[in-house]
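Worksheet: the structure to be examined is printed underneath.
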Amino acid sequence: MDFLNDMLGFAEAAVAGAFHFVRMLLFWSFDQVAAIPWGALSYLPVWKVMLLSSIMALFVLFLYRMAWAFMEAGEKALTALILLMTVFIRGMPIIVLAGVVAAAGAWVINNVNF
């Protein structure tokens with residue numbers, strides 16, 4: 001049981017670390033966008049405004065692709081969770097039968113004398 005708890009703790013730490021890393025990168029990206037001089041757009045040459053527009057379009061496209069990937073991953077994770085719960089539910093009668101057999105065996109051993 002300790003091994004299982006250690007493995008679950010390791011998996012939890014790995015997932016938390018991955019989420020922390022993604023969050024850090026996401027905030028870094030938003031900080032980079034915030035560092036662009038948006039207030040000075042009217043004073044910039046046209047080519048710089050066009051460059052900033054293309055950068056923002058790419059940024060939005062990449063955010064959209066990331067959101068789409070997270071949505072697909074969430075859908076697959078939910079499907080896996082539903083499958084896991086289905087397996088547990090389908091296995092319940094077998095577990096109950098095993099418990100009944102063990103209880104009957106224990107009763108026979110404790111109460112029947114030949």
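The values are calculated or read from the model by the stated rules, or taken from the named source; none is laboratory data. Computed from a predicted model, the values in this text were never measured in an experiment. Quick reminder, even Gly has a Cβ in these numbers, built from the backbone with ideal geometry, and neighbours come from all protein chains shown. SASA here: full protein model, heavy atoms, side chains in, ligands and nucleic acids out. Shrake-Rupley method; radii C 1.70, N 1.55, O 1.52, S 1.80 Å.
Here are a few things to note about the model shown:
- Helix 46-111 and the longest principal axis of the C-alpha atoms of the chain enclose an angle of approximately 0°.
- Only protein atoms count toward the accessible area here, which uses a 1.4 Å probe; on the chain, the carbon and sulfur part of that area reaches 77 percent.
- With K and R counted +1 and D and E -1, the other residues having a Cβ less than 13 Å from that of Ala69 yield a net charge of 0.
- Here Phe21 and Met56 are evaluated by their C-beta separation; at R0 = 22 Å the FRET efficiency comes out at 0.35.
- Contour minus Cα-Cα distance for Met66 and Leu84 (0.36 nm per residue): 3.8 nm
- Per residue solvent-accessible surface (Å²) - the chain, probe of 1.4 Å: 88 Å²
- In Å, descending, principal axis extents of the Cα set of the chain: 103, 26, 16
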